[in-house]
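First the structure, in the form of structure tokens, and then the observations on it.
The values are calculated or read from the model by the stated rules, or taken from the named source; none is laboratory data. Only a predicted model underlies this, so the values are computations on that prediction, with no experimental measurement involved. Backbone-built Cβ (ideal geometry, glycine too); neighbour counts: all protein chains shown. Surface areas here come from the heavy atoms of the whole protein model, side chains and all, with no ligands, DNA or RNA. Shrake-Rupley method; radii C 1.70, N 1.55, O 1.52, S 1.80 Å.
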Amino acid sequence: MQSLKGKIAFITGATSGIGKACAYAFAKEGANIIINARRLNLLKEIAMDIQKKYDVNVYAFELDVRNRKEVFTKINSLPAEWKSINILVNNAGLARGLNKFYEDNPDNWEEMIDTNIKGLLYVTHAILPGMIQRGSGHIINIGSIAGQEAYPKGAVYCATKHAVNAITKSLRMDVIDKNILVSVIDPGLVETNFSKVRFDGDEARAKEVYKGLTPLTGDDIAEVVIFCATRPPHVNIAQVTVLASQQASATIIHRKDQ
Ligand code: NDP
Ligand code: 8X3
């Protein structure tokens, strides 16, 4: 097992859910963390709390991964002591709506494609040259079971996560001679703010998604991220599917009270 002590982990979408859990998990392992997302106030609170709990450095900055110029400018102007990123966790992402394709609003598609695909590409493209120059690095993408299966009313979200899986595989081939690892973790149902965002703040509808089962938590996924990041140098965990125990596939879920 490799230690994360003193390494630098860059985590996108760290204000909530899986990304926030990853921030705490890396800090607990002694990694210094760069955390970002759009809500700076939340990031600052998380950074302060982590620094109180763990003996690590935290660099927090506002970032909208959809903004190509902002991504490149901010990553290229990281302070010198934060430039040598060892691990990138591409986590920022979202679903908007759960509608039949022909009834869906194309604005939802733009937001999902811009965040889940283009955002991941921009951040990776900004960070990868440094990893190549240093001759080491690990990119861990947060995909989804929706990247392995399509489900009704999820055409574009599923497409974005299929894209994450395809990008992961292709990128792994492109950097195979660079001592850079590329992994993807495909979770099933994780109870975070994901469904609240998907249903535009409708908490009751969001709760229904997890009704009758014990969903995964952000911590469950962070634990897998840490496992991937701490394997011996000759091991790459290429892809992990993590489902709730009551979930057999994207659509087959055993709800106990039904
Ligand atoms: P949350 O809604 O709890 O967290 C999403 C995070 O992404 C937030 O920190 C949010 O921060 C950030 N984010 C969203 N848009 C942007 C943006 N444009 N720029 C920067 N940051 C952004 O959801 P999860 O933790 O569940 O989601 C994390 C990842 O996990 C996503 O990629 C999601 O697709 C994936 N996933 C989730 C599953 C689930 O069931 N929950 C299952 C499988 C995969 P802010 O709003 O402050 O910008
Ligand atoms: C999020 C999980 O099943 O809603 O990626 O697609 S699901």
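Please give the charge dipole size of segment 63-125, origin at the Cα centre, charges +1 on K and R Cβ atoms and -1 on D and E Cβ atoms. Round to the nearest 20 debye. Display every interim value, and only then the final one.
Working: 8 positive and 9 negative charges, 57 e Å.
Roughly 280 debye for segment 63-125.
Considering only Ile85, Phe61, Tyr157, the residue lying farthest towards the positive end of the dipole of segment 8-242 is Ile85, judged by Cα position with unit charges set on Cβ.
In this rough spin-label picture, where each label sits 7 Å from Cα along the Cβ direction, the Leu40-Asn236 distance is 3.7 nm. Please list, by residue number, everything in segment 30-53 whose backbone N is under 12 Å from a paramagnetic label point 7 Å out along Cα→Cβ of Asn67. Of the residues in segment 30-53, 37-40 have backbone N under 12 Å from the label point off Asn67. For Val182, the amide hydrogen comes within under 5 Å of the amide hydrogens of Ile139, counting only partners 5 or more places away or on other chains and with H modelled in the peptide plane.
Estimated from helices alone, the mean residue ellipticity of the chain at 222 nm is -12000 deg cm²/dmol (sum of -39500 (n - 2.57) over DSSP H runs with n ≥ 4, per residue). When a/c reaches 1.5 or more, the comparison of a/b and b/c decides; with that in mind, is segment 140-258 rounded, prolate or oblate per its Cα gyration tensor? Because a/c hits 1.5 or more and a/b exceeds b/c, segment 140-258 counts as prolate.
Of the accessible area of the chain, computed with a 1.4 Å probe over protein heavy atoms only, carbon and sulfur atoms account for 51 percent. Under 5 Å between amide hydrogens, built in the peptide plane, is the criterion, and for Gln246 it picks out Thr214 among residues at least 5 positions away or on other chains.
Would you work out the charge dipole size for segment 145-258 about its Cα centre, treating the Cβ of every Lys and Arg as +1 and the Cβ of every Asp and Glu as -1, and quote it to the nearest 20 debye?
Numbers: 13 positive and 13 negative charges, 39 e Å.
Once rounded to the nearest 20, the dipole reads 180 debye.
Other residues with beta-carbon under 12 Å from the beta-carbon of Asn105 carry, at +1 per Lys or Arg and -1 per Asp or Glu, a net charge of -4. Each Lys and Arg adds +1 at its Cβ and each Asp and Glu adds -1 at its Cβ; summed about the Cα centre, the chain shows a dipole of about 400 debye. Put a dot 7 Å past the Cα of Tyr151, heading toward its Cβ, do the same for Val175, and the two dots end up 3.0 nm apart.
Per-residue counts of other Cβ atoms within 10 Å, averaged by peptide: what ranking do you get for 221-233, 14-26, 119-131, highest first?
On the way: 221-233: 18.3, 14-26: 25.7, 119-131: 19.8.
Peptide ranking by packing, descending: 14-26, 119-131, 221-233.
For segment 77-85, backbone phi angles converted through the Karplus equation (6.51, -1.76, 1.60; θ = phi - 60°) give residue-by-residue couplings of 9, 4, x, 3, 6, 10, 6, 8, 6 Hz, Gly and Pro being listed as x.
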